[in-house]
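See below for the structure under consideration.
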Amino acid sequence: MKHKTGFEDGMELTQKFTFNPKVGIDNPALVTTDDTEMVCRPVPRLCRLCRSEGESFGFYLRMELGCAGHVIRQVEPWSVAERSGLRDGDRLLEINGDFVDHMEHSKIVQKIHASGRQVSFLVLEGSDFERARWQGVDLRALAREHSGGEQCARPRLCHVTRDHQDGLGFTVAAVEGSKGRFSLTVTSGGPAEKAGVRTGDRLIWINGDHVADLTHCALNKMVKKCGDGVTLLVLDSESEEHYRKRGIVVVPAMAGEHNLPHRPRKLYLVKGPSGYGFRLGQERLPLRRIAHFMREVDPDSPAEGAGMQDGDRLLAVNGDPVEGLEHEDIVTRVRKSGRQVTLTAIDSQGSEFYSQLGLTPLLFSEDSDPVTPLQEETPALTAPPVENLQEPQAPLAKPRLCHLEKGIAGFGFNLRSILDEPSIFIGQVAQGSPAERAELREGDVVVEVNGVNVESEYIEDVVGRMKEGGSQLTVLVLGPVEYQQYKQSGTPITADLAVGKQAEKPEPSSKSFL
């Protein structure tokens, strides 16, 4: 049974008559009460999920074409998600106090995974979400109201390197009357202060362990044994108290500042005559985790030219995380990318550093592409760096004519564009979706929609044309490198040049099981 909220029930207007003694009772006035607006204000819900080791949260997070927001789907009976109060169709507003409605799907999944076994969601019932958007409600402000309007500082990840004279430069004291809560005092000008730790900060986490489960004695022993350095998650006392009262567990994924010594980097590769020039190997990490490492980088290969080093760990393919995937799945993604691919990697020292902390390096990737939401499900993105990926001597590739039939959850892709400019790109393509079966690929430039050239149209116009086609969609596309080659040669791109792919029987779009 669908749950009814005050937002739905309060839409009826209350009618009453007022008596004007000058006019008389035969001329009543119809007046609507002023309290309807208060009743109709949507009310988000805070859901706290806590799973056991090896247990899933028990729901799917979807990004659906034609459906705004990040959608909770298929909440499993008796699961952690159901017990927390999550419902099918809920829209996700916040994760651990951070507003996420504007973020890309993959980034949100990273934040959830990085939260570990405990995570807090602020959600809005599906119909309330749609109505709030229609009424122009500021969803960020709505989420802030739910927290009492308080602006809390974000936690800080501080890597402290031991000095041979000053040591680490901090001491730990238990907060009086509060079990599992500790405050820090730093030495002026010492290593801890230089790393961003402040006197009075609350210590939340140390080298991958939450301190709430530790005694003061055990914590001091851990600090003494930390070796040349230690990584701390700290937060000012007022913000820590606010999060505690709201029931939000502070985790490293929430950190707004950090001085961690290792960062992932992006590698842009264009396939050469002998391929990309490296071998991808799958290896097992502790706790049965899977990792993939680049080995045997060939001299003068595209891989070496992109800056790949032997032993680099692969984190993402074309922006999609691949940690935990099997070797064959990653190879398939690289092949479907065509002649050019973007890999996110980290060196072996960085991989070991984050593995010891139990964190994903992707949380700290320096992505230089500015992302700005445009409309509904179509975020804006800067164009891929195609100018550096050209192979002028290569023959012109044929454009692809892709025929899609809408599935239960849509076509299974989203669009991206350069802000305030024409030229539209394919964004994320959901696994198992009609888009994937029709061989649409992330980064493809959209040339035609249902037989109409859209190269000079803006993203809102292209979205409109796609919706006009109903359940059928035909798009003419080219990879970004191939598109640039056509433009340089002056050759017009038409469907007559294309090879076509008909999507097979439609299935639901991709979803992230959590």
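The values are calculated or read from the model by the stated rules, or taken from the named source; none is laboratory data. Predicted model, so just to flag it, every value in this text is computed and none were measured. Positions of Cβ are generated from backbone atoms using ideal geometry, with glycine treated the same way; all protein chains shown enter the neighbour counts. With ligands, DNA and RNA removed, areas are computed over all heavy atoms of the protein, side chains included. Shrake-Rupley method; radii C 1.70, N 1.55, O 1.52, S 1.80 Å.
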Number of the exception - M308 against (1) open to solvent by 30 Å² or more (accessible area, probe 1.4 Å); (2) more than 22 Å from the chain's Cα centre (by Cα): (1)
Could you please find all residues in segment 121-146 being modelled with pLDDT under 90 and not in a helix (DSSP H, G or I)? Q135, G136, V137, D138
Those residues of segment 490-514 which are modelled with pLDDT of 80 or more and out of contact with any Phe, Trp or Tyr (no Cβ under 6 Å at 6 or more places or on another chain) amount to G490, T491, P492, T494, A495, D496, L497
In segment 76-114, how many residues are part of a loop (DSSP other than H, G, I, E, B), open to solvent by less than 30 Å² (accessible area, probe 1.4 Å) and farther than 21 Å from E323 by Cβ? 6
Answer yes or no: is there a residue in segment 418-430 that is on the phi > 0 side of the Ramachandran plot and under 29 Å from the mean Cα position of the chain (by Cα). yes
For segment 281-298, indicate whether the set of residues that are part of a strand (DSSP E or B), closer than 17 Å to R335 by Cβ and either basic (K, R) or open to solvent by 20 Å² or more (accessible area, probe 1.4 Å) (or both) is non-empty. yes
Is it true that some residue in segment 324-343 is at pLDDT 90 or above, open to solvent by less than 50 Å² (accessible area, probe 1.4 Å) and farther than 30 Å from I424 by Cβ? no
Residues that are among the acidic types (D, E), on the phi < 0 side of the Ramachandran plot and within 32 Å of the chain's Cα centre (by Cα): does segment 217-233 have at least one? no
So, G412, is that one in contact with a Ser or Thr (Cβ under 7 Å, 6 or more places away or on another chain) and either more than 24 Å from D496 (Cα to Cα) or surrounded by 15 or more Cβ atoms within 10 Å (Cβ to Cβ) (or both) or not? yes
Output the number of residues of segment 185-219 satisfying the condition of being among the small types (G, A, S) and in a helix (DSSP H, G or I). 3
Within segment 442-503, considering only strands (runs of 3 or more DSSP E) that don't extend past its boundaries, which have at least 3 residues that are crowded, with 22+ Cβ neighbours inside 10 Å? 445-449, 472-478
If you check S365 against the conditions, is it under 28 Å from I204 (Cα atoms), small (G, A, S) and modelled with pLDDT of 85 or more? no
Pairs needed: first member in segment 453-478, in contact (Cβ under 8 Å) with a residue 60 or more places away in the chain; second member anywhere, among the small types (G, A, S) and open to solvent by 10 Å² or more (accessible area, probe 1.4 Å); C-beta distance under 8 Å; at least 6 residues apart or different chains. K467/G66; T474/G451; L476/A495; L476/A498; L478/A397
Among the residues of segment 150-183, write down those that are assigned to a loop (DSSP other than H, G, I, E, B), farther than 22 Å from A253 by Cα and touching a residue at least 40 places away in the same chain (Cβ under 8 Å). R162, L168
Hey, A212 modelled with pLDDT under 90, in contact with an Asp or Glu (Cβ under 7 Å, 6 or more places away or on another chain) and not polar (S, T, N, Q) or not: no
Tell me which residues, restricted to segment 220-248, are under 21 Å from Y354 (Cα atoms), open to solvent by less than 40 Å² (accessible area, probe 1.4 Å) and in a helix (DSSP H, G or I). V223
Does S417 count as open to solvent by 60 Å² or more (accessible area, probe 1.4 Å) and of a type in the set (S, T, N, Q)? no
Within segment 265-281, is there a residue that is modelled with pLDDT under 90 and within 18 Å of P155 (Cβ to Cβ)? no
